[in-house]
Structure formats: structure tokens, C-alpha cells
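**Q** I'd like to ask some things about the structure below.
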Amino acid sequence: MPELPEVETVVRGLRAAGLEGSTIREARVRWARSVSPEPAVFAAALRGRRFTRLSRRAKYIVADLDDGRQLLIHLRMTGKFRFEPRAGRDAPHDRVTIELTDGRCLHFNDTRKFGRIQLVTDASQRLAKIGPEPLEAGFTPACLLARLRGRRRMIKPLLLDQSCVAGLGNIYVDEALWQARIHPASLADKLSPAAVRRLHAAICEVLVRAVGAGGTTLGDSTANFYSVAGRRGRNSDNLRVFRRDGEPCPRCRRTLVRIVLAQRGTHICPHCQPAPGSIHSGRKSRVRRSS
């Protein structure tokens, strides 16, 4: 699923392609559940509207329209956008096509059909419960410490909770926890201030690096992440632990392993990220080694 760096890459790609300021001639919907409201209403509402601003909030793309409404877009697992210079035949898995008055077409392609484009009157209401943006100035070590204080949850599931910190997913949580030398099953409220400072620095560093590399594309399937320009994200070469089980740890050279934590595949170095005592005293059933 695209995470913060991938969604940020898409937003930047849409801006670079000149979507801001472009006017919609018409919208065509091939998969009804990709949009809301229902396709006929959705298409009629977009006709003649102009894109005024594109932004990102957590894993959402927010496209402001000139009538004050917004398109709230979530790529989910396989959603991606591409521009075509002129109207033509839709490609397989194109779910929504937005034809612009300059003749170009913006296609929303989604193999798994989980992505959503919602026309809303106030996106801020839908996004109000999402946590702080980790690449903004307000996300400080003190901010993160306050988000974790009193939370008796394992740190990885908590970081995946968008109400805690915005935009993090499986890839970047695994990477940040490894860099900070924190086991993903550690209880959030048991982390020392020093550990939280390390975690804060790691979150910011892995995200900045990934954004700079245009996100992460894993494998060769066309269902994986690609930018608006059709480019693969280059950050897979920067990954230290994610999907590298069986390889030596870049830091200590011990073998990386994959475990299952709260039903999520999780990649760690058992030596650099020692298991907390709570795993061996009542929480062991929630953490298991994956073959």
C-alpha cells in the first residue's frame, strides 16, 4: 500500500504535470465503487470544475476545486495515476478517467479496485482525527513523546494507527524501528525519552530519504507503485530490513528475521532490537517467528 513517500511523490508528479489550474471537461467512471457519490452525480459535479490546489494529508491526496469542494483520494493498495496526451482507449484496470479541456486525460488505474475518489464539501472534517505530519516542523521529539505517553500498546501497531502519526505504514515503521534499535513489540509508554528521540530521528530520516528517492517500488508487478510519470520508486535500494529476512543485518551482520506481530509481517534484527521482557510474560502469543 502506498505510504507517505509514495503519496507525496504522486502529488508532486500531478503538480509537475500541470494539474493545478487545469479545467475538467468530463469524468468517466468504469468502476462505480471507485467514486462517491454515485458515478452520474460524480461526473456531473466535476464537469467544468478547475483544480486549484493539490496537497497531501497522511496517505490521502486532496485536490481542491474552484467551487470550494475537494476530491479526497486514497490510492489504497494498487491505485495510481497517469497522464495521456489525448483521449483514447482506456487501459486495463483504468477505473476513472478525467478529461481536461486541454485535451489531456488523467487516468486512475487500480488493479485491486480498493482505491477511492470521494467528492467532499470539507475534507478537513474527514481528516480531523489523523495525527501530526512527521515531516512538518511541529513534529518534534516532544510531540512524539506526548503521542506515546500513556499508550499501553505495542509500538509498531501504534505507529501504524493513523491517529498517532500520519502516513506511516509497514515499510517505514519497520525501517524506523530498526534504525532506532527498538523492538516492534515494545510497549509505547515504556520507551525511554532517549529511545523516543532516536525513534523520532529515524522516522524523519527514513521518510526524507524515501521521498527523495521517489518512494518505494517492490518487485516487478505492474500493480506495484509507480509515479505519475510511470517511474519506479528508487528507495528499495535504501531499505535496511524490510523484506530482507535471511540477509545479514547492515549494522551487526547477524541474520535478519521476519516475525508476525499483530497479524502484520514484521522485519527485525533480533540482536539490534532485543525483545522486551513483556513478550515472555503474557504477550508471547501475539508475536511469532515466520518461516
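The values are calculated or read from the model by the stated rules, or taken from the named source; none is laboratory data. Owing to the predicted nature of the structure, the values given are computational and were not obtained by experimental measurement. Here Cβ is always computed from backbone atoms with ideal geometry, including for glycine, and neighbour counts include all displayed protein chains. The protein model used for the area step is the full one, side chains on, heavy atoms only, and it has no ligands, DNA or RNA in it. Shrake-Rupley method; radii C 1.70, N 1.55, O 1.52, S 1.80 Å.
**Q** What pairs come out if I take residues in region 10-32 that are surrounded by fewer than 15 Cβ atoms within 10 Å (Cβ to Cβ) and pair them with residues that are polar (S, T, N, Q) and not in a strand (DSSP E or B) whose C-beta lies under 8 Å away, six or more apart or interchain?
**A** Hits for this filter: Thr23/Thr101.
**Q** Those residues that are within 23 Å of Ala202 (Cα to Cα), surrounded by 13 or more Cβ atoms within 10 Å (Cβ to Cβ) and not polar (S, T, N, Q), I need them from region 226-241; list them, please.
**A** Of everything in region 226-241, those that are within 23 Å of Ala202 (Cα to Cα), surrounded by 13 or more Cβ atoms within 10 Å (Cβ to Cβ) and not polar (S, T, N, Q) turn out to be Gly233, Arg234, Leu239, Arg240, Val241.
**Q** Has region 50-69 got at least one residue that is among the small types (Gly, Ala, Ser), touching a His at 6+ places or on another chain (Cβ under 8 Å), open to solvent by less than 40 Å² (accessible area, probe 1.4 Å) and more than 19 Å from Thr217 (Cα to Cα)?
**A** no
**Q** Yes or no: Leu239 among the hydrophobic types (A, V, I, L, M, F, W, C) and more than 19 Å from the chain's Cα centre (by Cα)?
**A** So Leu239 does not fit the description; no.
**Q** Tell me whether region 167-182 contains one or more residues that are open to solvent by 10 Å² or more (accessible area, probe 1.4 Å) and of a type in the set (Asp, Glu).
**A** no
**Q** Phe51 passes all but one of (1) over 19 Å from Ala87 (Cβ atoms); (2) at pLDDT 95 or above; (3) touching a helix residue (DSSP H, G or I) at 6+ places or on another chain (Cβ under 9 Å); which number fails?
**A** Just one mismatch for Phe51, condition (1).
**Q** Please determine, by comparing only the residues of region 108-130 that are out of contact with any helix residue (DSSP H, G or I) (no Cβ under 7 Å at 6 or more places or on another chain) and among the small types (Gly, Ala, Ser), which one is surrounded by the fewest Cβ atoms within 10 Å (Cβ to Cβ).
**A** The qualifying residue surrounded by the fewest Cβ atoms within 10 Å (Cβ to Cβ) is Ala128.
**Q** Output the residues belonging to region 199-215 that are open to solvent by 40 Å² or more (accessible area, probe 1.4 Å), aliphatic (A, V, I, L, M) and over 15 Å from Trp178 (Cβ atoms).
**A** The answer is Val208, and nothing else.
**Q** I would also like to ask the following. What is the residue count in region 70-88 for residues that are in a loop (DSSP other than H, G, I, E, B), open to solvent by less than 60 Å² (accessible area, probe 1.4 Å) and touching a Cys at 6+ places or on another chain (Cβ under 9 Å)?
**A** Looking only at that region, the number is 2.
**Q** Taking into account only those residues within region 127-152 that are in contact with a Ser or Thr (Cβ under 9 Å, 6 or more places away or on another chain) and not basic (Lys, Arg), which is farthest from Leu187 (Cα to Cα)?
**A** Ile130
**Q** Can you find a residue that is of a type in the set (Gly, Ala, Ser), modelled with pLDDT of 95 or more and closer than 27 Å to Gly167 by Cβ anywhere in region 258-267?
**A** For region 258-267, residues of a type in the set (Gly, Ala, Ser), modelled with pLDDT of 95 or more and closer than 27 Å to Gly167 by Cβ: present.
**Q** Is it true that Ala229 is touching a residue at least 12 places away in the same chain (Cβ under 8 Å), among the aliphatic types (A, V, I, L, M), within 22 Å of Val10 (Cβ to Cβ) and not in a helix (DSSP H, G or I)?
**A** Details: touching a residue at least 12 places away in the same chain (Cβ under 8 Å): yes; among the aliphatic types (A, V, I, L, M): yes; within 22 Å of Val10 (Cβ to Cβ): yes; not in a helix (DSSP H, G or I): yes.
Spelling it out, Ala229 is indeed touching a residue at least 12 places away in the same chain (Cβ under 8 Å), among the aliphatic types (A, V, I, L, M), within 22 Å of Val10 (Cβ to Cβ) and not in a helix (DSSP H, G or I).
**Q** Here is a follow-up. Out of everything in region 33-44 that is out of contact with any helix residue (DSSP H, G or I) (no Cβ under 6 Å at 6 or more places or on another chain) and either without any contact (Cβ under 8 Å) to a residue 40 or more places away in the chain or among the β-branched types (Val, Ile, Thr) (or both), what residue ends up being surrounded by the most Cβ atoms within 10 Å (Cβ to Cβ)?
**A** Ranking the candidates gives Ala43 first.
**Q** When only residues in region 125-165 that are over 17 Å from Pro193 (Cα atoms) and either at pLDDT below 95 or aromatic (Phe, Trp, Tyr) (or both) count, which is nearest to the chain's Cα centre (by Cα)?
**A** In this case the residue turns out to be Arg126.
**Q** What about Val196, is it assigned to a loop (DSSP other than H, G, I, E, B) and surrounded by 20 or more Cβ atoms within 10 Å (Cβ to Cβ)?
**A** Answer is no for this residue.
**Q** Is it the case that Arg244 is in a loop (DSSP other than H, G, I, E, B) and open to solvent by 10 Å² or more (accessible area, probe 1.4 Å)?
**A** For Arg244, the condition - in a loop (DSSP other than H, G, I, E, B) and open to solvent by 10 Å² or more (accessible area, probe 1.4 Å) - is met.
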